[in-house]
Amino acid sequence: MRLLSTRELADALGVSESSVKRWVDGGKIMAWRTEGGHRRIELSEAMRFIRASGTPLIRPEILDLPEVAAVRSTKKRLVSYLRDGNSVGARGWLMARYLEGSTIAELCDGPIREAMHKLGELWGHDEPGVHVEHRGTDVCLQAVAQLRSMISTPAATAPAALGGAPAGDPYLIPSQLAAMTLTEVGMRAINLGPDTPVAALDAAVAAYQPKLVWASISTPLVPTRARSIKDWYATLPSSITVVVGGQQADGLGKLPARVRRVYTMVELAEVAAAIVKREH
C-alpha cells in the first residue's frame with residue numbers, strides 16, 4: 001500500500017500542508033509516524049477521508065489516479081466506456097463516483113448493473129455483439145479490480161465471510177462485487193470465485209470459520225445441484241448467516257428458513273453490517 005506525505009495529500013486536495021497536518025493531529029485522518037516523526041498516510045485512508053469529508057480531489061494524478069481527471073468533463077455513462085473497450089475511462093468513471101461518496105453497493109446496484117445488462121443484450125444481436133460483450137466484461141473486471149484495491153482492508157479480527165458462484169456458474173463479476181461490498185462494511189471477505197463446488201465451500205468453512213456464507217447465482221441450476229446446495233446449507237452451524245443472490249437465485253426454489261434471499265448489494269451490505277456490529 002502506498003504511503004503519502006502530508007505535502008502530497010495537500011497538493012492533491014489543493015489545500016495547505018498545515019491543514020492536512022491539523023486534520024491528522026485532530027483525528028480526522030489516520031496517519032503513521034516515521035522514525036523521524038513525519039506523518040505518513042495510507043492511500044486507502046486518504047480515499048476514505050476524501051469520501052467522508054466531501055473534499056474535492058484537485059490533482060488526482062498525485063494519488064496515481066490520472067484517469068479520474070480524464071473523465072471529469074464528460075457526460076458519458078459507464079456502459080459507453082465498456083462498449084468501447086476503454087479501460088482507462090471505465091476505471092476513471094467508477095473511481096470518480098466512488099470518491100464522490102457512492103458506496104460499493106450503490107455502484108453495483110446502479111451503474112455497474114445497468115452497464116452489464118446492456119452489454120448482455122448484445123449477445124442476442126450478432127457475433128460482433130458477442131465480441132463487444134466479452135471485451136466490455138473484461139474492461140469492467142479491470143475497473144472493479146482497481147476499485148477493490150482502494151478499499152481499506154478490515155482488521156484480522158474482523159468477522160469472516162466467504163462465498164462464490166456454484167459449480168457450473170462461470171461468472172466472475174457478481175461474486176467479486178459481493179466480496180467488495182462485504183469488505184467495505186468491515187468483513188474479511190474470502191471470494192472463492194466462479195464454479196465453486198459444495199465440497200470446496202465446505203472445506204473453506206472449516207478453514208475460515210465464517211460468520212456469513214454467500215452464493216452469487218447467475219446461471220440456471222439443475223434440480224440436483226439446487227438440492228445439494230440447499231442440503232449443504234442445512235449442515236452449517238446456526239452461527240453462520242447464509243445469503244443467496246443473483247439473477248438465477250430463485251432457481252433454488254423454496255429456501256430453508258435460515259437462508260436469506262437478497263435482491264441487491266445494498267441488502268447484502270445491511271446484513272453484513274448487522275453482523276459486524278453484533279460481533280464487535
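The values are calculated or read from the model by the stated rules, or taken from the named source; none is laboratory data. From a predicted model like this one, the values you see are computed outputs, not experimental measurements. When we count neighbours, we look across all protein chains shown, and the Cβ atoms used for this are built from the backbone with ideal geometry, even at glycine.
So residue 159 clears everything in (1) free of Cβ contacts under 8 Å to residues at least 60 places away in the same chain; (2) in contact with a Lys or Arg (Cβ under 6 Å, 6 or more places away or on another chain); (3) over 27 Å from residue 93 (Cβ atoms) except one condition, right? Which one? It fails just one condition, (1). Considering (1) within 23 Å of the chain's Cα centre (by Cα); (2) buried (at least 16 other Cβ atoms within 10 Å of the Cβ), the lone condition that residue 208 does not fulfil carries the number (2). Exactly one residue among 262, 276 is more than 22 Å from residue 204 (Cα to Cα), in contact with a Gly (Cβ under 7 Å, 6 or more places away or on another chain) and not basic (Lys, Arg), and that residue is 262.
Given the residues 251, 245, which is the only one that is surrounded by 15 or more Cβ atoms within 10 Å (Cβ to Cβ), assigned by TED's automatic domain parsing to the domain that holds residue 196 and more than 25 Å from residue 207 (Cβ to Cβ)? I'd like the intermediate steps shown before the answer.
Working: 245 fails: more than 25 Å from residue 207 (Cβ to Cβ).
Criteria check complete, one pass: 251.
For the range 45-74, taking the residues that are buried (at least 16 other Cβ atoms within 10 Å of the Cβ) and of a type in the set (Gly, Ala, Ser), the one that is farthest from the chain's Cα centre (by Cα) is identified as 70.
Residue 208 - would you say it is among the aromatic types (Phe, Trp, Tyr) and either farther than 24 Å from residue 145 by Cβ or not assigned by TED's automatic domain parsing to the domain that holds residue 176 (or both)? Against the criterion (among the aromatic types (Phe, Trp, Tyr) and either farther than 24 Å from residue 145 by Cβ or not assigned by TED's automatic domain parsing to the domain that holds residue 176 (or both)), residue 208 does not qualify. Of all positions in the range 99-122, at least one carries a residue that is surrounded by 16 or more Cβ atoms within 10 Å (Cβ to Cβ) and outside any helix (DSSP H, G or I).
When the residues of the range 233-280 are filtered to those that are in contact with a Leu (Cβ under 7 Å, 6 or more places away or on another chain), of a type outside the set (Gly, Ala, Ser) and in a strand (DSSP E or B), the one that is nearest to residue 160 (Cα to Cα) is 241. Out of 73, 87, one residue alone is assigned by TED's automatic domain parsing to the domain that holds residue 117, under 22 Å from residue 112 (Cα atoms) and modelled with pLDDT of 90 or more. It is 87.
Condition check ((1) surrounded by 22 or more Cβ atoms within 10 Å (Cβ to Cβ); (2) within 24 Å of residue 65 (Cβ to Cβ); (3) touching a strand residue (DSSP E or B) at 6+ places or on another chain (Cβ under 7 Å); (4) in the same structural domain as residue 47 (by TED's automatic domain parsing)) across all residues:
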residue	(1), (2), (3), (4)
139	yes, yes, no, no
164	yes, no, yes, no
175	yes, no, yes, no
181	yes, yes, no, no
188	no, no, yes, no
192	no, no, yes, no
200	no, no, no, no
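Within the range 229-242, restricting attention to residues that are polar (S, T, N, Q) and over 12 Å from residue 212 (Cβ atoms), the residue that is surrounded by the most Cβ atoms within 10 Å (Cβ to Cβ) is 235. Do we find that residue 103 is in contact (Cβ under 8 Å) with a residue 60 or more places away in the chain and polar (S, T, N, Q) in this structure? For residue 103, the condition - in contact (Cβ under 8 Å) with a residue 60 or more places away in the chain and polar (S, T, N, Q) - is met.
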